[in-house]
Amino acid sequence: MTKHEWRKTEKEFYLPKAKPQLLDVPAFKFVTISGEGNPNGELFSECIGALYAVSYAIKMTLKKMDVKPDGYADFTVYPLEGVWDLNEKARKEYDGTFNKDDLVFKIMIRQPNFVSEAFFKEMLAFTQQKKPQEQLNNVKFETISEGKCIQMLHVGSYDNEPETFKIMEEFTEREGLKRISKTHRELYLSDFRKVAPEKLKTVLRFKVE
């Protein structure tokens, strides 16, 4: 059985070029966790750890099972994604700059279609027993549909993302489209703990109409 590798088979969603493109993103299943605060802080790191612990429990348990779910194929764990916004107070006072402590996030890792919510709950309980940590109590299973979006590959520091968003917004205007909100999604193709800031690769995406 061929292993499903998102880098090879789903390039349109995960490996765009460094120029804006319009695409339609269908509904996908995710394990998610929400929070507020600086992404350089301990809470954010704990949230990432909780998502990966559950995601790897799902992958490895399925691989060992004698009876697999319909449609099963071994797979590479999907990249971490994050949807970012500002808290209400910061949104009201927004002047083009913000404090990272005012960020609101929902981070997530996509799951293959054959993973059910019931199986997720089993794996969450298993992880809580094997590697207990507080943030596991906040992990959820959700189906999320983004619909029509503009996306682009951003290479470099997260702090330089506004430059890429400017290019994306100019493209959106030229195409006669409108950005729905300031909320945006990031897909992390690099591990920021191991890769130099100038070499980080991040897919940036926002919804349009």
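A few comments on the model shown:
- Screening Lys68, Lys121, Lys89 for residues that are open to solvent by 20 Å² or more (accessible area, probe 1.4 Å), of a type in the set (D, E, K, R) and under 24 Å from Lys182 (Cβ atoms) leaves exactly one candidate, Lys89.
- Single condition Gln111 does not satisfy, out of (1) open to solvent by 30 Å² or more (accessible area, probe 1.4 Å); (2) in contact (Cβ under 8 Å) with a residue 40 or more places away in the chain; (3) on the phi < 0 side of the Ramachandran plot: (1)
- Segment 10-21 residues that are touching a residue at least 12 places away in the same chain (Cβ under 8 Å), paired with ones that are of a type in the set (A, V, I, L, M) and in a loop (DSSP other than H, G, I, E, B) (beta carbon under 9 Å, 6 or more apart): Tyr14/Leu189; Leu15/Leu189
- Among the residues of segment 35-60, those that are under 23 Å from Asp74 (Cβ atoms), open to solvent by less than 30 Å² (accessible area, probe 1.4 Å) and of a type outside the set (A, V, I, L, M, F, W, C) comprise Ser55, Lys59.
Every residue, every condition in (1) modelled with pLDDT of 95 or more; (2) within 17 Å of the chain's Cα centre (by Cα); (3) at negative phi, yes or no:
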position	(1), (2), (3)
Ser116	yes, no, yes
Glu134	yes, no, yes
Cys149	yes, yes, yes
Thr164	yes, no, yes
Glu173	yes, no, yes
Leu177	yes, no, yes
Phe192	no, yes, yes
Arg205	yes, yes, yes
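- Listed by first and then second residue, the pairs with beta-carbon distance under 7 Å, at least 6 apart or on different chains, first residue in segment 188-204 and in contact (Cβ under 8 Å) with a residue 24 or more places away in the chain, second hydroxyl-bearing (Ser, Thr, Tyr) and loosely packed, with under 15 Cβ neighbours inside 10 Å, are Pro197/Ser157; Glu198/Ser157; Leu200/Ser157.
- Looking only at segment 124-140, and only at residues there that are open to solvent by 30 Å² or more (accessible area, probe 1.4 Å) and in contact with a strand residue (DSSP E or B) (Cβ under 8 Å, 6 or more places away or on another chain), the one that is farthest from Glu81 (Cα to Cα): Asn138
- Here Ile167 clears all of (1) assigned to a strand (DSSP E or B); (2) out of contact with any Leu (no Cβ under 9 Å at 6 or more places or on another chain); (3) aliphatic (A, V, I, L, M) except the condition numbered (1).
- Residue match in segment 95-104 (condition: of a type in the set (A, V, I, L, M) and under 17 Å from Lys68 (Cα atoms)): no
- The set of residues in segment 74-84 that are more than 18 Å from Ile107 (Cα to Cα) and either in a loop (DSSP other than H, G, I, E, B) or over 21 Å from the mean Cα position of the chain (by Cα) (or both) comprises Asp74, Thr76.
Every residue, every condition in (1) closer than 24 Å to Asp191 by Cβ; (2) not in a loop (DSSP other than H, G, I, E, B), yes or no:
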site	(1), (2)
Tyr72	no, no
Phe141	no, yes
Ile144	yes, yes
Ile150	no, yes
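- Of all residues in segment 11-34, those that are open to solvent by 50 Å² or more (accessible area, probe 1.4 Å), farther than 25 Å from Ala53 by Cα and part of a strand (DSSP E or B) total 4.
- Flag if Ala73 is over 25 Å from Glu12 (Cβ atoms) and surrounded by fewer than 16 Cβ atoms within 10 Å (Cβ to Cβ): no
The values are calculated or read from the model by the stated rules, or taken from the named source; none is laboratory data. Owing to the predicted nature of the structure, the values given are computational and were not obtained by experimental measurement. Counting neighbours? That spans all protein chains shown, and the Cβs are built from the backbone with ideal geometry, glycine included. To get the accessible areas, we keep the full protein, side chains included, count just its heavy atoms, and leave off ligands, DNA and RNA. Shrake-Rupley method; radii C 1.70, N 1.55, O 1.52, S 1.80 Å.
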